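Data block below; observations after.
Just so you know, all these numbers are worked out from the coordinates, no wet-lab data involved. Predicted model only: the values in this text are computed from it and were never measured. Quick reminder, even Gly has a Cβ in these numbers, built from the backbone with ideal geometry, and neighbours come from all protein chains shown.
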Amino acid sequence: MNIILLGPPGAGKGTQARILMERRGLVQLSTGDMLRAAVTAGTDVGRKAEAVMKAGGLVSDDIVIGVVGDRLDAPDVKAGVIFDGFPRTTPQAEALDGLLAEKGMTLDAVVNMVVDDAAMVGRISGRYTCANCGEGYHDVDKAPAVAGVCDKCGSTEFKRRKDDNAETVAARLKEYHAETAPLIAYYKATGKLRDVDGMAEIGEVTRQVEAALG
Ligand code: AMP
């Protein structure tokens, strides 16, 4: 099964992707994670993407499509892919159609996480992850059971994204509405779009996602 999680920054795409990965054995393909890894590694792609990401803009379609195309050549994607943060523009959605056809893969569902913009700034500003296993936490909504210790792996190292600040969030939400929201109509036309209430608590969102996937 190959699915897309669609929604603005802070909607909970990464959280639901991790849960689906554990439950269904799917592979999470997060272009944000891949680009951040490229920046850290100082690759060509990373050097080109860094400033745009810091400002909350969108990295060029050519670069992102190239990264995804390469990733889809790896054998593990045969287990099924959760696209998280991709596609984000109409050219990316069209390119994904082509890539999937080329690789003999099909798109099963597009889960649209419906949220209030106003709540996203608070969600993003307070979030952080375990530096070891990537489990997500939040200053207000989801603290570890034991302060400073990851529930999942016991690590005491945590990290925050550089772009998770109020100014950048505003730019990222603007990009979402200008470039990504049109994909709702794009995928509605295919009959594969399923809305879920991204404002519900995490377990309820998961229940709705599972129901949407059937
Ligand atoms: P994310 O982790 O999905 O919030 O992505 C973090 C940043 O990476 C975004 O604000 C963009 O600068 C860049 N990025 C991630 N995915 C894409 C994409 N599909 N197209 C363009 N830029 C992207």
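Tabulated values for the structure
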| quantity | calculated |
| --- | --- |
| Label-point separation, Ala178 to Asp141 (7 Å along Cα→Cβ), nm | 2.6 nm |
| Cross-link pairs beyond the 21 Å C-alpha cut-off, checked among Lys48/Lys78; Lys54/Lys103; Lys13/Lys103; Lys13/Lys152 | Lys48/Lys78; Lys54/Lys103; Lys13/Lys103 |
| Model label zone, Ser60; criterion: amide N under 15 Å from point 7 Å along Cα-to-beta-carbon; scope segment 73-111 | 92 |
| Calculated P(r) tail over 28 Å for the chain, as whole % of Cα pairs | 25 percent |
| Estimated 222 nm signal from helices in the chain, with DSSP H stretches of n ≥ 4 weighted -39500 (n - 2.57), rounded to 500 | -13500 deg cm²/dmol |
| Exposure proxy ranking, count of Cβ atoms within 10 Å, fewest first, for Thr106, Thr180, Thr43 | Thr106, Thr43, Thr180 |
